[in-house]
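J.: Submitted below is the structure of interest, expressed as structure tokens.
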Amino acid sequence: MLEYISIIITAIFVNNIVFAQFLGICPFLGVSRKLSSAVGMGAAVTFVMVLATAVTWLLQSLVLDPFGLGFMQTIVFILVIAALVQMLEIMLKKVAPALYSALGVFLPLITTNCAVLGVAILAIQKEYNLGESLVYAFATAIGFTMAIAIFAGIREQLARTDLPAAMRGVPIALICAGLLAMAFMGFSGIKIG
């Protein structure tokens, strides 16, 4: 049980996928203008990340490793993630059209979101079992959602702030992202167990 708690706290805070490992930066910057879009993107990434990690872990342990095809890991994982995102896109279009249109072009970005691929590969590299891999994927996705939601809240406030013209938009967003990353470095001293 302590192992799972350690995985959760480490994935969310200490090794946050965005602020410590710098994966998933494209949707982090692209979808963080509105809190509602950010939370929707976080939910979509959570669904895809957990499902992709489960499928890729099973493929790795049941197909790739037994048949000596480990060299195909990255390409197989990318194909699995792309298929899962297509399924999610079809589901969102029918179930939540408002969220689908709010995410717009950023939904296909989940296909190339290096955070999803990174978590699937990291779960294998860390030699987690299936349960640990799923907990790791879910906690990492929660960390991603938390990061993008915090950043979206900051960006919504910045949109109402009178800033010099040179600092509006991307420049101030990158400065805030850097400050958030430095703040999350404070969690690196946490030791569990």
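The values are calculated or read from the model by the stated rules, or taken from the named source; none is laboratory data. In this text, all values refer to a predicted model and were calculated from it rather than measured experimentally. Cβ placement follows ideal geometry from the backbone for every residue including glycine, while neighbour counts extend to all protein chains displayed. We work out accessible area using only protein heavy atoms, side chains counted, and drop any ligands, DNA or RNA first. Shrake-Rupley method; radii C 1.70, N 1.55, O 1.52, S 1.80 Å.
J.: Out of PRO97, PRO66, I need the residue that is more than 12 Å from the chain's Cα centre (by Cα), modelled with pLDDT of 90 or more and either polar (S, T, N, Q) or open to solvent by 50 Å² or more (accessible area, probe 1.4 Å) (or both). Which one? Please lay out each step first, then the result.
T.: Details: PRO97 fails: modelled with pLDDT of 90 or more.
Residue meeting the stated conditions: PRO66.
J.: Restricting segment 12-32 to residues that are assigned to a loop (DSSP other than H, G, I, E, B) and not aliphatic (A, V, I, L, M), which is nearest to LYS191 (Cα to Cα)?
T.: ASN15
J.: What pairs come out if I take residues in segment 30-41 that are among the aliphatic types (A, V, I, L, M) and pair them with residues that are not in a helix (DSSP H, G or I) whose C-beta lies under 6 Å away, six or more apart or interchain?
T.: Partner pairs satisfying both residue conditions: ALA38/VAL31; ALA38/SER32; MET41/VAL31.
J.: Please indicate, with yes or no, whether at least one residue in segment 134-150 is open to solvent by 70 Å² or more (accessible area, probe 1.4 Å), under 18 Å from GLU3 (Cα atoms), in contact with a helix residue (DSSP H, G or I) (Cβ under 8 Å, 6 or more places away or on another chain) and part of a helix (DSSP H, G or I).
T.: yes
J.: Given VAL119, VAL50, VAL76, which one is open to solvent by less than 20 Å² (accessible area, probe 1.4 Å), part of a helix (DSSP H, G or I) and either in contact with a Pro (Cβ under 6 Å, 6 or more places away or on another chain) or touching a residue at least 12 places away in the same chain (Cβ under 8 Å) (or both)?
T.: VAL119
J.: Another question, if that's okay. Could you grab the pairs with beta carbons closer than 6 Å, sequence gap of 6+ or different chains, first residue in segment 181-193 and at positive phi, second one modelled with pLDDT of 85 or more?
T.: GLY193/LEU2; GLY193/SER6
J.: Do we have any residue at all in segment 14-28 that's among the small types (Gly, Ala, Ser), open to solvent by 10 Å² or more (accessible area, probe 1.4 Å) and farther than 17 Å from LEU180 by Cβ? Quick ask: steps written out before the conclusion?
T.: If we filter segment 14-28 for residues that are among the small types (Gly, Ala, Ser), which is where we start, we get 20, 24.
If we keep only those that are open to solvent by 10 Å² or more (accessible area, probe 1.4 Å) as well, we get 20.
Pick out the ones that are also farther than 17 Å from LEU180 by Cβ and you get none.
No, because not a single residue in segment 14-28 is among the small types (Gly, Ala, Ser), open to solvent by 10 Å² or more (accessible area, probe 1.4 Å) and farther than 17 Å from LEU180 by Cβ.
J.: Here are some residues: ALA102, ALA83, ALA183. Which one is in a helix (DSSP H, G or I), out of contact with any Pro (no Cβ under 8 Å at 6 or more places or on another chain), open to solvent by 40 Å² or more (accessible area, probe 1.4 Å) and under 30 Å from ASP65 (Cα atoms)? Before you say what the answer is, go through the steps one by one.
T.: On the way: ALA102 fails: under 30 Å from ASP65 (Cα atoms); ALA183 fails: under 30 Å from ASP65 (Cα atoms).
Of ALA102, ALA83, ALA183, the one residue that is in a helix (DSSP H, G or I), out of contact with any Pro (no Cβ under 8 Å at 6 or more places or on another chain), open to solvent by 40 Å² or more (accessible area, probe 1.4 Å) and under 30 Å from ASP65 (Cα atoms) is ALA83.
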